[in-house]
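The values are calculated or read from the model by the stated rules, or taken from the named source; none is laboratory data. In this text the structure is predicted, and so the values were computed from the model without any measurement. Cβ: placed from backbone, ideal geometry, glycine included. Neighbour counts: every protein chain shown.
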Amino acid sequence: MYAHERSSRPGQAFFPNPHGCPLSADAVQRRLSQHLVNAASTCPDLANKHVTVHTLRHTAAMRFLEAGIDAAVIALWLGHESQATTSIYLHADIAIKRKALERTRQPDTRAGEYQPADPLLTWLQSL
C-alpha cells in the first residue's frame, strides 16, 4: 500500500517531490499528462479528452454523490469551507435527479418522464 511505503521515506507530503516537499500543481499536472499519454495507447478516446487534476477531483466528487454520500461529507473531503461552494461544484446529473424523483413518486402514479405540454398547442386549444 502506498501510504505504508510513503511513511518509510523522508518528508511529510503524501505525494512528494524528490526533496520530500509537496508536489507543485504544475508537477502534478505534468505527471497526469504523462499518464494520459500512456493510457491513450490502451484507450484511444482519451487522446481527445481535456483531462486536468480538477477534472479528476470533480469526477471523484460526482461519484461520491452518485453513491449516496451526503454533500456535507463531500464538502469536507474537498476541503471547502462552505457547503455552498460544494453545491456549485456538484451538479446533479439526470440519473441522480431521476432516482430522487422515483423515490418520491406516489404509489398510484405511473412512472415516466414529465413531458410538458407544447406551448403552441396549449395556446391553440385555449382559443
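On the basis of being assigned to a loop (DSSP other than H, G, I, E, B) and either modelled with pLDDT under 90 or in the same structural domain as residue 1 (by TED's automatic domain parsing) (or both), does residue 29 make the cut? Quick ask: steps written out before the conclusion?
Values: assigned to a loop (DSSP other than H, G, I, E, B): no; either modelled with pLDDT under 90 or in the same structural domain as residue 1 (by TED's automatic domain parsing) (or both): yes.
Against the criterion (assigned to a loop (DSSP other than H, G, I, E, B) and either modelled with pLDDT under 90 or in the same structural domain as residue 1 (by TED's automatic domain parsing) (or both)), residue 29 does not qualify.
What pairs can you find where one residue is in the stretch 95-112 and under 20 Å from residue 64 (Cβ atoms), the other is assigned to a helix (DSSP H, G or I), and their Cβ atoms are less than 8 Å apart, with a gap of 6+ or different chains?
95/66; 96/65; 96/66
Taking the stretch 90-127, which residues are loosely packed, with under 10 Cβ neighbours inside 10 Å, in a loop (DSSP other than H, G, I, E, B) and either modelled with pLDDT under 75 or not aliphatic (A, V, I, L, M) (or both)?
Residues of the stretch 90-127 loosely packed, with under 10 Cβ neighbours inside 10 Å: 94-95, 102-104, 106-117, 119-121, 124-127.
Remaining after also requiring in a loop (DSSP other than H, G, I, E, B): 106-117, 126-127.
Residues satisfying the conditions are 106, 107, 108, 109, 110, 111, 112, 113, 114, 115, 116, 126.
Kindly indicate which of 72, 84, 60 is farther than 29 Å from residue 7 by Cβ and at pLDDT 90 or above.
Details: 84 fails: at pLDDT 90 or above; 60 fails: farther than 29 Å from residue 7 by Cβ.
The conditions single out 72.
Can you say whether residue 79 is farther than 24 Å from residue 15 by Cβ and loosely packed, with under 10 Cβ neighbours inside 10 Å, as far as the supplied structure shows?
Judged against the criteria, residue 79 is not a match.
Scanning the stretch 33-65 for residues that are in contact (Cβ under 8 Å) with a residue 24 or more places away in the chain and either out of contact with any helix residue (DSSP H, G or I) (no Cβ under 6 Å at 6 or more places or on another chain) or of a type in the set (Lys, Arg) (or both), which turns out surrounded by the most Cβ atoms within 10 Å (Cβ to Cβ)?
Filtering the stretch 33-65 for residues that are in contact (Cβ under 8 Å) with a residue 24 or more places away in the chain and either out of contact with any helix residue (DSSP H, G or I) (no Cβ under 6 Å at 6 or more places or on another chain) or of a type in the set (Lys, Arg) (or both), the one surrounded by the most Cβ atoms within 10 Å (Cβ to Cβ) comes out as 65.
Kindly indicate which of 21, 43 is at pLDDT below 90 and in the same structural domain as residue 6 (by TED's automatic domain parsing).
Sole residue among the options that is at pLDDT below 90 and in the same structural domain as residue 6 (by TED's automatic domain parsing): 21.
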